[in-house]
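The values are calculated or read from the model by the stated rules, or taken from the named source; none is laboratory data. Only a predicted model underlies this, so the values are computations on that prediction, with no experimental measurement involved. Methodologically, a virtual Cβ is constructed for each residue, glycine included, from the backbone with ideal geometry; neighbour enumeration extends over all protein chains shown.
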């Protein structure tokens, strides 16, 4: 906290001059603060001296990163009392956003400015000053994948998904029924028959003259005793085989 007091040097209502004796304490977060560049003398108070309206006063201090990671510097002021005093006083510095590496030291110049139009009735004021170091644990640039490799991976993944969708679409669109007949007869249609998904397909079995249908086997295991045979609501591949025997 930086505490300063404003003292009027005039005793009549017609104030013609003022002075600002400025002294106070300083709060520093994650940093060491010193009054010398060798960082051997800790700084615990600020003294801007006497400042006239419209003038500025400067203080130089040294900041050191005493942590284990990079620190980004910032300065803030708050809790102005009275609240209106911030209209006439401002504090600035030259190290906003500076990044300090471990054990690095930097000189910081603080400038306190008093407005020429400062309220003559103001007798004292206080405000807080905080200089902070914000840690940056990522001290090195992260390794990034080249854009062309990322795009290639995305394209490959998209192509794979597209292929799956195409395969599913094709599978759902067409199915095949393989039909065959032994000697001495025929089945129609014969061979590899392409059928629409969820459709119906019928097969007619005709024996040669002097022969009859001995059996009809569907999907290897199922024997049926009727014909023609129809596959209904086809959703998968099937087989059908017809056999014949001589009449007796």
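Having 1 or more residues that are modelled with pLDDT of 85 or more and more than 14 Å from residue 132 (Cβ to Cβ) is the bar; report the strands (runs of 3 or more DSSP E) wholly within the range 1-113 that clear it.
32-34, 56-64, 89-93
Here is a list of conditions, (1) out of contact with any helix residue (DSSP H, G or I) (no Cβ under 8 Å at 6 or more places or on another chain); (2) at pLDDT below 90, and residue 197 meets all of them except one; can you say which number that is?
So the condition that residue 197 fails would be (1).
Restricting to the range 161-194, give me the number of residues that are at pLDDT 55 or above and closer than 14 Å to residue 236 by Cβ.
Total satisfying the criteria: 9.
Could you pull out the residue among 132, 214 that is closer than 30 Å to residue 81 by Cα, in contact with a strand residue (DSSP E or B) (Cβ under 7 Å, 6 or more places away or on another chain) and modelled with pLDDT of 70 or more?
Criteria check complete, one pass: 132.
Among the numbered criteria (1) in contact (Cβ under 8 Å) with a residue 40 or more places away in the chain; (2) in a loop (DSSP other than H, G, I, E, B); (3) loosely packed, with under 14 Cβ neighbours inside 10 Å, which single criterion is violated by residue 178?
(2)
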